[in-house]
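The values are calculated or read from the model by the stated rules, or taken from the named source; none is laboratory data. This one's a predicted model, so the numbers in the text were calculated from it and none came from an experiment. Here the Cβ is made from the backbone with ideal geometry for all residues, glycine too, and neighbour counts use every protein chain on show. We work out accessible area using only protein heavy atoms, side chains counted, and drop any ligands, DNA or RNA first. Shrake-Rupley method; radii C 1.70, N 1.55, O 1.52, S 1.80 Å.
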Amino acid sequence: MAKPIALAADHGGFELKEAVKAHLDEQGIEYIDFGTNSTASVDYPDMALPACDAVVSGQCEKALLFCGTGVGMSMAANKVKGIRACCCSDSFSCEYTRRHNDANALCLGGRVVGAGLAIQLVDIFLHTEYEGGRHARRVAKLAEIENR
Ligand code: RB5
């Protein structure tokens, strides 16, 4: 990984973030943890924004975002210009959102997926390349929507 991975969670995703961090440590993958650092209640948009900004600015390569469902994080992340976030709980979607959508943020639900599945999804997300080609036209159209 050329750049670190941005991590962020709310209280609903905190424990899953910690499990994924342990996995990234084992793999020697660098990350920046933008919090939260406990199960105390926080608001997922506040947590998503610094991690997404780090991806858009080029400081981080991709973001891994965690909340109770993964959905709130994905909604917040997709409001950030330049972020293409997906909320996944299956490996097929996770693989193809990298291959076809060039997704740069993966959102996981701490109340939806267990640590074992989450780690499998993270590995797929971090190691699957974007195919480009015909998909580039469609991804460019996503950016056009942001620029309306
Ligand atoms: C927090 O209770 C919960 O709403 C949040 O973690 C997330 O699931 C929202 O989408």
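With the structure loaded, tell me whether residue 106 is away from the ligand (no atom under 11 Å from the Cβ), of a type in the set (A, V, I, L, M, F, W, C) and in a strand (DSSP E or B) or whether it fails that test. Against the criterion (away from the ligand (no atom under 11 Å from the Cβ), of a type in the set (A, V, I, L, M, F, W, C) and in a strand (DSSP E or B)), residue 106 qualifies.
Residue-by-condition table, conditions (1) touching a Lys or Arg at 6+ places or on another chain (Cβ under 8 Å); (2) within 16 Å of the ligand (Cβ to nearest atom); (3) touching a residue at least 60 places away in the same chain (Cβ under 8 Å); (4) small (Gly, Ala, Ser):
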position	(1), (2), (3), (4)
4	no, no, no, no
7	yes, yes, no, no
34	no, yes, no, no
47	no, yes, no, no
50	no, no, no, no
71	no, yes, no, no
82	no, no, yes, yes
96	no, no, no, no
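For segment 98-136, a residue qualifies if it is touching a residue at least 60 places away in the same chain (Cβ under 8 Å) and open to solvent by 60 Å² or more (accessible area, probe 1.4 Å), and exactly one does: 111. The conditions of being without any contact (Cβ under 8 Å) to a residue 12 or more places away in the chain, in a helix (DSSP H, G or I) and charged (D, E, K, R) are not met by residue 148. Residue-level check: of (1) more than 16 Å from the ligand (Cβ to nearest atom); (2) within 11 Å of residue 105 (Cα to Cα); (3) without any contact (Cβ under 8 Å) to a residue 60 or more places away in the chain, residue 61 misses just (3).
Of the set (1) open to solvent by less than 60 Å² (accessible area, probe 1.4 Å); (2) away from the ligand (no atom under 16 Å from the Cβ); (3) hydrophobic (A, V, I, L, M, F, W, C), all apply to residue 142 but (1).
Scanning segment 109-145 for residues being assigned to a helix (DSSP H, G or I) and either more than 24 Å from residue 60 (Cα to Cα) or at pLDDT below 95 (or both) gives a total of 3.
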